[in-house]
Amino acid sequence: MAQWRFKDLPNTAVIANRKAVTGGGWIAQVFHDLEDGGWQFHSNDTGELAESDAMVISLRNIVELDESVVELADLPLGWHAWRDSRSSPWQRAKLK
């Protein structure tokens, strides 16, 4: 892994959808929460999500899982990013 580009430390706890981490899915959506500065990483699964689908892992683990999220290190608070496939470019927008 190259130089750390996030303002948050590598051991920062983030919320991730279990399917993106261990369920064979991939990270399709990222949220940088306005209220607390937290990060959320969600899978490509568009089905109903339950609280049990969430897990807390480190930001470093997310980057190790999918290095393309480094492109989102400068995602402003209150914004989200998404992509249509694992190889698609990230798109960004301010949350409404």
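The values are calculated or read from the model by the stated rules, or taken from the named source; none is laboratory data. All figures in this text were calculated on a predicted structure; none of them were measured in a lab. Counting neighbours? That spans all protein chains shown, and the Cβs are built from the backbone with ideal geometry, glycine included. Note: areas computed on protein heavy atoms with side chains; ligands, DNA, RNA excluded. Shrake-Rupley method; radii C 1.70, N 1.55, O 1.52, S 1.80 Å.
In nm², what is the average projected area of the convex hull enclosing the Cα atoms of the chain? Don't skip to the answer; put the middle values down first.
Working: hull surface 24.5 nm².
The directionally averaged projection comes out at 6.1 nm².
Taking all protein chains in place and a 1.4 Å probe, what share, in percent, of the accessible surface of the chain do carbon and sulfur account for? Don't jump to the answer; show the numbers that get you there.
Values: 3000 of 5960 Å².
After summing per-atom areas, the C and S share lands at 50 percent.
In the chain, excluding the sites themselves, the longest stretch lacking any of the GluC sites (Glu not before Pro) that are in a DSSP loop with at most 12 other Cβ atoms within 10 Å is 49-96.
Placing R0 at 30 angstrom, the Cβ-Cβ distance between SER87 and GLN40 gives a FRET efficiency of 0.85 after rounding to 0.05.
Loop-resident trypsin sites (Lys or Arg not before Pro) (DSSP state other than H, G, I, E or B) in the stretch 1-80 with no more than 15 further Cβ atoms inside 10 Å of their Cβ: ARG5, LYS7. Pairs of Cα atoms under 8 Å, at least six residues apart: use those to get the relative contact order of the chain, whole percent. It comes to 32 percent, rounded to a whole number. Bridging of LYS19 to aspartates and glutamates at a Cα separation below 13 Å is possible for ASP45, GLU48, GLU51, ASP53, once same-chain residues fewer than 8 apart are set aside. Computed with a 1.4 Å probe over protein heavy atoms only, the accessible area of ASP8 comes to about 50 Å².
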